[in-house]
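Below is one structure, written out as structure tokens, with a few remarks after it.
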Amino acid sequence: MTLLVPSVLDDFRTRAAQRLRSEPPGFLQVVPRGDHSLDRAPSPADATPPRPAAVLVPIVMREDAPAILLTERATGLRTHSGQIAFPGGRMDETDASPTETALREAEEEIGLDRRHVEPLGYLDAYLSSSNYFVVPAVALVSPDHDLQLNPHEVADVFEVPLAFLMQEINHELHCREWRGGVRQYYAMPFGSRYIWGVTAGILRNMYERLYATPLEYAPR
């Protein structure tokens, strides 16, 4: 008797269907993850409540090797310039859901038409050091998509194989000084790209929710 082994893409679909949140985490109703989590410290106190935001975690459906689409932020931005990020931003009052925010921002930043996007669900919320309550919306993206970058926001886009990012061996713990202390954070260097901070933290959460434990597949 042989086991039915799905393709990487089919395996991802199965895991996403079983393990992603079907609804977004309630704003301020959950204790968000964050880089502070690695230091086993409480969420950093702030005089103002965090601002709601959302990002799109786009999985490009390449049958042989599905990949995660990432952006390199423009160098002229006031904050986080040049860093690796997901398309996304602050939620508008007119946005019906975090998925709507993520799709709108992806259209504005990289010209990704939502007709090529299949939303799947949500990861856990992530509290950024800039005091944003970030909700990651995971989605599949057709490989036939076309992109048009907004040069004021995005300098470049690139893909990283899903298999690389979902292997724990590629998740490194780095540290740096921050607000008078030392803060640990995840980093996932990929060639010349340094994926770290919120982006790496969200990817780590996706690994923990989808891949940290095996799935059972029916025998053929």
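For the chain, the relative contact order works out to 27 percent when only alpha carbon pairs closer than 8 Å and six or more residues apart are counted. Of the beta bridges DSSP finds with both residues in the chain, what % are antiparallel, to the nearest 5? Taking every DSSP beta bridge within the chain, about 75 percent pair in antiparallel fashion.
Å³ per residue of the Cα convex hull, for the chain? Display every interim value, and only then the final one.
Numbers: hull volume 31.2 nm³, N = 220.
So the per-residue hull volume is 142 Å³.
For region 120-186, with only Lys/Arg (+1) and Asp/Glu (-1) charged at the beta-carbon, what is the dipole magnitude about the Cα centre, in debye rounded to 20? It would help to have the intermediate numbers written out before the result.
Details: 3 positive and 9 negative charges, 88 e Å.
Rounded to the nearest 20 debye, it is 420 debye.
With the cut-off at under 14 Å, measuring from each backbone N in region 107-121 to a point 7 Å along the Cα-to-Cβ line of Leu147 picks out 107-113. Normalised by the number of residues in region 118-220, the average gap of Cα pairs under 8 Å and 6 or more apart makes the relative contact order 21 percent. Taking amide H as placed 1.01 Å from N in the peptide plane, Leu127 has its amide H under 5 Å from the amide H of Arg33, Gly34, Val134, each at least 5 places away in sequence or on another chain.
In the chain, the calculated helix contribution to ellipticity at 222 nm averages -6000 deg cm²/dmol per residue, counting -39,500 (n - 2.57) for every DSSP H run with n ≥ 4.
Residues whose amide H falls under 5 Å from that of Leu140, counting only those 5 or more places apart or on a different chain, are Ile59, Glu118, Leu120, with hydrogens built in the peptide plane.
No lab work stands behind these numbers, since they all come straight from the coordinates. Note that the coordinates shown come from a computational prediction; the quantities given were computed from them, not determined experimentally. Glycine also receives a Cβ, built like all others from the backbone with ideal geometry; neighbour counts cover every protein chain displayed.
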